[in-house]
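The values are calculated or read from the model by the stated rules, or taken from the named source; none is laboratory data. Fair warning: this is a prediction, and the values are worked out from it, not measured in the lab. We place every Cβ from the backbone using ideal geometry, glycine too, and count neighbours over all the protein chains shown. Each accessible area value is taken on the protein alone, full model and side chains, heavy atoms only, with ligands, DNA and RNA left out. Shrake-Rupley method; radii C 1.70, N 1.55, O 1.52, S 1.80 Å.
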Amino acid sequence: MSDRGITVEIVWFDEAVVELRISGSNGLFSGCTQVYSGRDVLTKLSGWAKGFPSNPDERRLIELGTFDPGFAGGGARLGLRCTDAAGHLALDVLLATQVENNRHQRAEFQVYVEPAALDVFAQRVASLEIRKGDSATL
């Protein structure tokens, strides 16, 4: 895991489901979770990041996996927002593990990202094949 940012890695897959490990840090706080999603997850993740922001008031949110204790796996909520009119960006991250002993373990933090780095991330995610070990880092 890099010092600051997030990494999305393919851990496992079958014909219907992809398991991702999502890890991240802002240098002070960090976390990691594993989530299950449909095979279209990479298309959704790439689309979420692509071309952001179109204006300084735009916000985007994507939720991967689940925060529902009745289902397997953990959850990741990633939010993009501008911090000012100049287009500086923040990534709001919430990572939660699968429920154990009736409790999630959670990490919540924000990371400042460059628009160009977000574009590279979107391109990298779009180019990933569903193959164990493939990853993209923002």
Query raised in the report: Does V111 count as farther than 26 Å from V17 by Cα, in contact (Cβ under 8 Å) with a residue 12 or more places away in the chain, within 13 Å of the chain's Cα centre (by Cα) and open to solvent by less than 40 Å² (accessible area, probe 1.4 Å)?
Result: yes
Report summary line: Taking the range 114-138 and keeping only residues that are under 13 Å from the mean Cα position of the chain (by Cα) and among the polar types (S, T, N, Q), one is left with S135, T137
Requested in this report: Working only within the range 2-21, note down all residues that are within 13 Å of the chain's Cα centre (by Cα) and of a type in the set (A, V, I, L, M).
Outcome: I6, V8, I10, L20
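Just name the residue that is least open to solvent (accessible area, probe 1.4 Å) out of those in the range 116-133 that are of a type in the set (D, E, K, R), farther than 20 Å from F52 by Cβ and at pLDDT 95 or above.
R131
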Query - Members of the range 106-138 found to be part of a loop (DSSP other than H, G, I, E, B) and either within 20 Å of E9 (Cα to Cα) or among the small types (G, A, S) (or both), listed by number - result: L128, E129, I130, R131, K132, G133, D134, L138
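Could you check the range 89-108 and list, in sequence order, the residues that are surrounded by 14 or more Cβ atoms within 10 Å (Cβ to Cβ) and not small (G, A, S)?
Those that are surrounded by 14 or more Cβ atoms within 10 Å (Cβ to Cβ) and not small (G, A, S): L89, L91, D92, V93, L94, L95, T97, Q98, V99, H104, Q105, R106.
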Requested in this report: Consider only pairs whose beta carbons are under 8 Å apart and that are at least six residues apart or on different chains; among these, list those whose first residue lies in the range 78-89 and is without any contact (Cβ under 8 Å) to a residue 24 or more places away in the chain and whose second residue is among the aliphatic types (A, V, I, L, M) and open to solvent by 60 Å² or more (accessible area, probe 1.4 Å).
Outcome: G79/L61
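Can you list the strands (runs of 3 or more DSSP E) lying wholly within the range 1-74 that have 2 or more residues being among the charged types (D, E, K, R) and open to solvent by 60 Å² or more (accessible area, probe 1.4 Å)?
59-65
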Report summary line: The condition from (1) open to solvent by 20 Å² or more (accessible area, probe 1.4 Å); (2) in contact with a helix residue (DSSP H, G or I) (Cβ under 7 Å, 6 or more places away or on another chain) that A136 misses is numbered (1)
